[in-house]
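Comments concern the structure below.
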């Protein structure tokens, strides 16, 4: 029982790992389902080291992939076209040979030649049909992959340009905010200096006013002290007359 439980747990674990790997290989960006393949190859890593900007490298590399897929599809279409033309020419050639032997009385190896001609005509038709069917299936897959790849590349390129523009706008706003902040800081420093100067002047004026109001008043001169110290002219004359 324990062994069965262990094996069932291992199977469940393996299944979950497979689902997790499958989830890692695919992802969604917006409405697009992207197949990441089997990860980054060593060739991709070597190529990415040659470019400093990883995003531009990825966009250019994906553009190269689209071009290569387009060339491959075009070459396969041309190959199928040329093969079909060749098979039609072969079929036409042996049809002419068949009609020539049929119209010639007493031609040597007539039955063998007619049999070979019919066989070559049938083979040419089968080859043309097979090439057309196989090429159509292959080109359908390649065109679908190329369309999805191109659509994903264009979507990512547009999104990257929008993100770069948003980042540049954010940097511009940040620089303007920093400049405004430093300007306000300088204005604040000047205002604090002016406020400190005004406060010092106000404190000085208040100190002068307090000193003026708290100083003792000057004492006035008394009348007795003024009469005793003053010289009376009549007193000097009377003393002289009594003598």
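Estimate the FRET efficiency between residue 99 and residue 129 by the formula 1/(1 + (r/R0)^6), using the beta-carbon distance for r and 25 Å for R0, to the nearest 0.05.
0.60
Each listed q (0.15 Å⁻¹) maps to a log10 I(q)/I(0) for the stretch 79-175 from the Debye sum over equal C-alpha point scatterers, namely -0.76.
For the stretch 167-209, place one equal point scatterer on every Cα, skip the solvent, and apply the Debye formula. What is log10 of I(q)/I(0) at q = 0.14, 0.24 Å⁻¹? For the requested q values the scattering log ratios are -0.51, -0.77. Ordering 54-64, 179-189 by mean Cβ neighbour count within 10 Å, with the highest value first, yields 54-64, 179-189. If you wrap the stretch 20-209 in the convex hull of its Cα atoms and look at it from every side, the mean projected area works out to 22.4 nm². Shown is the FRET efficiency for residue 65 and residue 169, computed with R0 = 35 Å from the Cβ-Cβ distance and rounded to the nearest 0.05: 0.65.
Here, each number is a calculation from the coordinates, and none is a lab measurement. None of the values given here were measured: they were computed from a predicted structure. Note: ideal-geometry Cβ built from the backbone for every residue, glycine included; neighbour counts use all protein chains shown.
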